[in-house]
1. Return the calculated 222 nm mean residue ellipticity for the chain, to the nearest 500 deg cm²/dmol, obtained by summing -39500 (n - 2.57) across DSSP H runs with n ≥ 4 and dividing by the residue count.
2. How big is the dipole moment of the stretch 180-294 about its Cα centre under a simple scheme where the beta carbon of each Lys and Arg is +1, that of each Asp and Glu is -1, and everything else is neutral? Debye, nearest 20, please.
3. With helices defined as uninterrupted DSSP H runs, which ones in the chain have an alpha carbon span along their own long axis of at least 20 Å and mean Kyte-Doolittle hydropathy of at least -0.5?
4. For the chain, with the dipole built from +1 on Lys and Arg beta-carbon atoms and -1 on Asp and Glu ones, taken about the Cα centre, which of ALA224, GLY68, ALA47 lies farthest toward the positive end?
5. Using DSSP to define loop residues, name the chymotrypsin sites (Phe, Trp or Tyr not before Pro) in the stretch 198-256 whose beta-carbon has at most 14 other beta-carbon atoms within 10 Å.
6. Can you find, among VAL83, CYS253, GLY11, the residue farthest towards the positive end of the dipole of the chain? Put +1 on the C-beta of Lys and Arg, -1 on that of Asp and Glu.
7. Once the dipole of the stretch 146-209 is set up with Lys and Arg at +1 and Asp and Glu at -1 on Cβ about the Cα centre, which of ALA153, LEU207, HIS166 lies farthest towards its positive end?
8. Between their Cα atoms, which of LYS3/LYS271; LYS43/LYS182; LYS140/LYS184 are more than 30 Å away from each other?
Amino acid sequence: MLKYSPRRGNGRLHLFLFIVAFNAALIALIYIVDSYTISVLLKASLAVLNLYQLYYLATVITLGYALGDGKLEISSLFGLKKVELPFEQIRGYKRFSGSIRGVRLSGYGKSNAAIGRAVIEKIGTTYMYVTSSKDMLYIKADDMNYGLSPEDAEGFVRELNSHGVHEIAMDYRPSKSVSLFKDKVFTAIFAAAAVIIMAMTVNPIILYLSDRLPAMMPLSFNAAYHPVQFGTGKQFAVSQMMCGFLNMAVLLCMYYAAYFISRYDRKSAYKFICVPLVVSAIFFAMQLQTFFSFR
């Protein structure tokens, strides 16, 4: 197979600097805030988003393209992640140079580089493996588009042409509205979040009405999980119920965000609906921790 290196650009440097700045800001906030709830949420965000960021940084560092053996291959993570496109499944390509215009769905992107999924103007939903927008190729396959930026773009194009893959005009229109609840994965995630939120909303009221809450309960904690404010069992139940209502609002907002994004990419909708699932699980775990620690 003929291997092609990605064009050198500022994408790696920008991503690295963003990760450094993001970590510095979040770690500073963790040390500044004196709220247990906020501290837990910040630490969870730091862990999850660092895994997310490091994945894309490793992807862009190890990225490579190859043509031959009847296919186009995009590889990263030292070959652990591969996209293989047989030439017969490639409808054509479009060459482009200039600023990347579109909406990022996942990953990282700027006007001159992008790694991850994006909705590109006049192209559609695209897996972006672009390290520099100076000379890009948008590859149109049967089920998805792919953005590439080989260093030797001329040689890459000649090789594609030799395999019967030629430049074409691309036109894109977003899908009409979709029914997310016909998607079993989305429905399962939504239902799990809804069950957790319902439990964390109703649970403290049941405990209060059944006289299983102490007369005094902590209402807030500092970052070291030491109570800073106490209230009656009723006040504790009401405050926890309000947290449940707030989580309901987050679930509703993320549902509408997922609904909007599903017009462009169904799988990206999963990421939005996972947010209320994770957040509600954290709040419910803190509620149970408080109850079992101070009952």
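1. Here the helix-only value at 222 nm equals -17000 deg cm²/dmol.
2. The dipole magnitude comes to about 360 debye.
3. Span-like helices here: 11-32, 36-61, 184-209, 233-261, 266-294.
4. So the residue we want is ALA224.
5. Working: sites: TYR208, PHE221, TYR225, PHE230, PHE236, PHE245, TYR255, TYR256; in loops: TYR225.
Hits after loop and neighbour filter: TYR225.
6. Projecting each Cα onto the dipole axis, the largest value belongs to CYS253.
7. LEU207
8. Where the Cα-Cα span goes over 30 Å, the pairs concerned are LYS3/LYS271; LYS43/LYS182.
Bear in mind these aren't lab numbers, they're just calculated from the coordinates by the rules spelled out. For clarity, every value in this text was computed on a predicted model and none was experimentally measured. Positions of Cβ are generated from backbone atoms using ideal geometry, with glycine treated the same way; all protein chains shown enter the neighbour counts.
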